[in-house]
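Novice: First the structure, then my questions, so here it is.
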Amino acid sequence: MKTIFRLAVAIAVMIQSQTFGQSESMVKIEGGSYLPLYGTEQEVVVGDFLMDVTPVTNQDFLEFLQENPQWKKSQVRPLFADSNYLATWPSDDSYGANLPSAPVTMISWYAAKNYCEWLEMRLPTIDEWEYVAMASATRPDGRQEAGFQKTILGLYEAPNTYKNEVGTTFRNYWGVEDLHGLVWEWTMDFNSIMIGGESRKDSAGGGNLFCAGAAVGASDVKDYAAFMRYTFRGSVKAKYAVKNLGFRCVKDLPADQNKN
Amino acid sequence: MKKLVLLFGMLVFLAACNQADDLPVVVTGEAISVEKAMSQELPEMSVYHLPATWTNQDAQEIQLEDMRGKVVVMVMIYTSCKSACPRLVADMRNIERQVPKEYLDEIQFVMVSIDPETDTPQRLKAFSEENQMTDDHWMFLRGSEADTREFAAVLAVSYRQISPIDFSHSNIISVFDKDGVLVHQKEGLGVDSEETITAIHQELQR
């Protein structure tokens, strides 16, 4: 009897996952509200969406290039990528010594955005990304969990992790992997970060450079890991290709599955 | 902890170094000049490569490339803004006033909305009338959220919605040559627009 029950549960779970019409490469994130580190004094509301379990790999990106040759390194417009774009790839059609299942890096925001759009997906917003990233292995919000912040900071300290394969860090509450400790990731609205004293604006102190700039103070200075991420986002431009910066895609749920 | 701060500082610093070759903007408020190439083909660095379609204050569909052949002066604003935007608009008007009348046909002043949801064509139209910016050389544009985000990325403009009616955003006026290549940017409010005007004159003479 027990066995039949287990079987029934297993089948139910399978059917459930089928209804999303997604492979297991994406998982569903149940939305909610939370207070991000930057940019607002009120909680932000994040809706339900699907997120890639792991960052996009070199092999994935090579397939994108075969169908979208305008993004190959020899053909990409300098408006959309700087000279570091795919710099470690020996040619247009090979990632060379990079591991096939290591995260693709040295790609610009434009390339990442177009990759996701090619698959009818999109880049996550900062609010979505941070919402998922605050989950520990057992809880949707692990920020107050003993040792969680420390673990993340420890992951950030390991050098050259961008060379590792995806799926090698921890799997969080939602089933999402590698948000910490592999690569930094592009977000759709990375250019919404306005941190005073950022390198190129140091001289002016940011006083009147931003409308309502004072509204963007940090909400929780203890969250040093998040501070690092926001600062990094504030320091890059859309055409930069950086060796430890990759991306993953998300997808909105079809309207009828959004209620649940 | 200290070590970490140091490490991160270095990281940011290194990232900045790597980009030094092609980082056009150096210091706030200083002029930048990007090398430009003139030819029949659209130059590689032209923003007219962006495929987006925009809507103007008269509800007409516009491709940025439609402005090719004119010098374009551009700023990103939102019409319900009460603090910095009126000053940005005033800066734009101040620049316009210093362009000799006979050149006004060859120049386009463009305000791009960062709040496309609120800034409908009707609203943009009303805003242009309130601010007496109804001549042909003024244009107000709105696009999709994704296209607006992408355009801001090209201009290195940051913005974020901070409440249902307010955005924080960087105050940057950009000048494009007749092929849509960014040739000058000025950041800050009420700053001396002399360099911007010089850049416009240079481009008009070409």
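Novice: Which entries of B:Lys70/B:Lys101; B:Lys70/B:Lys125; A:Lys73/A:Lys239 have Cα-Cα distances beyond 20 Å here? Kindly include the intermediate steps, with their values, before the conclusion.
Specialist: Details: B:Lys70/B:Lys101 15 Å; B:Lys70/B:Lys125 22 Å; A:Lys73/A:Lys239 13 Å.
The pairs that break the limit, which is 20 Å between Cα atoms, are B:Lys70/B:Lys125.
Novice: Quick check for you: with a 1.4 Å probe and neighbouring chains kept, what is the accessible area per residue of region B:27-205, in Å²? Working shown, then result.
Specialist: Working: 7550 Å² over 179 residues.
With the other protein chains kept in place, region B:27-205 gives 42 Å² per residue.
Novice: Not counting ligands, DNA or RNA, and with a 1.4 Å probe, what is B:Val191's accessible surface area in Å² rounded to the nearest 10?
Specialist: B:Val191 has an accessible surface of roughly 50 Å² with all protein chains in place.
Novice: Now for a separate question. For A:Lys163, B:Lys186, give me the order by solvent-accessible area with a 1.4 Å probe, most accessible first, ignoring ligands, DNA and RNA.
Specialist: Working: A:Lys163 110, B:Lys186 15 Å².
Output order, biggest surface exposure first: A:Lys163, B:Lys186.
Novice: Right, something else. Heavy atoms only, 1.4 Å probe, whole protein assembly: order B:Arg68, B:Arg97 by accessible area, highest first. If you can, show how the numbers build up before the last one.
Specialist: Details: B:Arg68 80, B:Arg97 165 Å².
Greatest to least solvent exposure: B:Arg97, B:Arg68.
Novice: With all protein chains present and a 1.4 Å probe, how do A:Leu119, A:Leu153 order by accessible area, largest first?
Specialist: Working: A:Leu119 70, A:Leu153 30 Å².
I get A:Leu119, A:Leu153, largest accessible area first.
Novice: Still on this model: What figure in square angstrom, to the nearest 10, would you give for the accessible area of A:Tyr173 with a 1.4 Å probe?
Specialist: Approximately 110 Å² of A:Tyr173 is accessible to the 1.4 Å probe.
Novice: Filter A:Lys113/A:Lys237; A:Lys28/A:Lys163; A:Lys72/B:Lys178; A:Lys28/A:Lys243 down to the pairs with a C-alpha to C-alpha distance above 19 Å, please.
Specialist: Numbers: A:Lys113/A:Lys237 14 Å; A:Lys28/A:Lys163 27 Å; A:Lys72/B:Lys178 28 Å; A:Lys28/A:Lys243 29 Å.
Correct reply: A:Lys28/A:Lys163; A:Lys72/B:Lys178; A:Lys28/A:Lys243.
Novice: Where the accessible area of region B:27-205 is counted over protein heavy atoms with a 1.4 Å probe, how much of it, in %, is carbon and sulfur?
Specialist: Values: 3410 of 7550 Å².
Carbon and sulfur together cover 45 percent of it.
Novice: Is any residue of region B:143-178 close enough, with backbone N under 12 Å, to a label point placed 7 angstrom from the Cα of B:Lys82 along the Cα-Cβ axis, and if so, which?
Specialist: In region B:143-178, the label zone of B:Lys82 (backbone N under 12 Å from the point 7 Å along Cα→Cβ) covers B:165-166.
Novice: Next question, about the same structure. Nothing charged except the Cβ atoms of Lys and Arg (+1) and of Asp and Glu (-1): what's the magnitude of the dipole of region B:27-205 about its Cα centre? Round to the nearest 20 debye.
Specialist: On the way: 15 positive and 31 negative charges, 90 e Å.
Its charge dipole is roughly 440 debye.
Novice: On the full set of protein chains, 1.4 Å probe, figure out the accessible area of B:Glu61 and give it in Å² to the nearest 10.
Specialist: 140
Novice: List the residues of region A:102-128 whose backbone N lies under 16 Å from a point placed 7 Å from the Cα of A:Ser83 along the Cα-to-Cβ direction.
Specialist: Counting backbone N atoms under 16 Å from the label point, the list is empty.
Novice: Using amide H atoms built 1.01 Å from N in the peptide plane, name the residues 5+ places from A:Asp48, or on other chains, whose amide H lies under 5 Å from its own.
Specialist: It is A:Gly31, by chain and number.
Novice: Moving on. With a 1.4 Å probe, how much accessible area is buried between chains A and B, both sides summed, in Å² to the nearest hundred?
Specialist: On the way: alone 13800 and 11630 Å², together 21340 Å².
For A against B, buried area totals roughly 4100 Å².
Novice: Given a cut-off of under 8 Å on Cα pairs at least six residues apart, what relative contact order in percent is computed for region B:91-206? Can you show the working numbers first?
Specialist: Working: 110 pairs, mean separation 26.7, N = 116.
Reported as a whole number, the value is 23 percent.
The values are calculated or read from the model by the stated rules, or taken from the named source; none is laboratory data. Quick caveat: nothing in here was measured; it's all calculated off a predicted structure. Quick reminder, even Gly has a Cβ in these numbers, built from the backbone with ideal geometry, and neighbours come from all protein chains shown. The accessibility values were calculated without ligands, DNA or RNA, using every heavy atom of the protein model including side chains. Shrake-Rupley method; radii C 1.70, N 1.55, O 1.52, S 1.80 Å.
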